[in-house]
Amino acid sequence: MQTNVILITALTNELDAHRLPPGIQVFYSGVGKINAAMTTMRAIHTCQPRLILNFGTAGSVHPQHTGLLGIRRVIQRDMLTEPLAPRGKVPFCPRPHEYLSEQGTYSCGSGDSFVTAHDPWLVEQQIDVVDMELFAIAAVAHEHGIPWISYKYVSDHANEASGKDWVEKVNHGESLYLEQLKTIL
């Protein structure tokens, strides 16, 4: 099956595939970078897309960031190999330590942990939101020469209330994303 556009999202309760416009094949990755990387690889091999979309929830590092945000830049927030390499960078690896989209304004830090406390490093790196999948999706897209576009809905503010807030708001961004999708396509 070949399709020009695929969409990777973590969970069905973030986005209902039945509400998507025709011509977009959705793949649900599950939570985390390994699941996202494996799903993105499978989706590329299955569909041979020209564009990879990503939508999901994110925790905001800054209280003023709310709603649906277009992501321009993504880094890994949980690659901790000091002193071999600075935080966020994989030692002895020639691949980029950040990936850029042609669209978006905000920066995302991906990691395999749910952020529930302030992290000064995120502020130093000019990270706006945190998620658990985008870095892997962008890395696989880059490896295959496929552009990516990501939108994150701020479900929480990366603090002690994040878990409760995320559960309450996990699907609140769906309608906003579907409206945004009309301008992308």
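Values quoted throughout were computed directly from the atomic coordinates according to the rules given, and no laboratory measurement underlies them. Computed from a predicted model, the values in this text were never measured in an experiment. Neighbour counts run over all protein chains shown; Cβ positions are idealised from the backbone, glycine included.
Worth pointing out:
- Fraction of beta bridges assigned by DSSP in the range 5-184 that are antiparallel (%, nearest 5): 25
- Our estimate of slack between residue 102 and residue 178, defined as 0.36 nm per intervening residue step minus the Cα-Cα distance, is 25.4 nm.
- Using R0 = 22 Å, the C-beta based FRET efficiency linking residue 38 and residue 4 works out to 0.50.
- Relative contact order computed over the chain (Cα-Cα under 8 Å; 6+ residues apart), in percent: 28
- Spatial separation of Cα centroids for the range 50-107 and the range 160-185, in angstrom: 18
- Think of the range 67-185 as a dipole: +1 on every Lys or Arg Cβ, -1 on every Asp or Glu Cβ, centred on the Cα centre; then among 184, 130, 68, 184 lies furthest on the positive end.
- Gyration tensor verdict on the chain (Cα atoms; rounded if a/c is under 1.5, prolate if a/b is larger than b/c, oblate otherwise): oblate
- About the Cα centre, charge dipole magnitude for the chain (Lys/Arg +1, Asp/Glu -1 at Cβ), debye: 520
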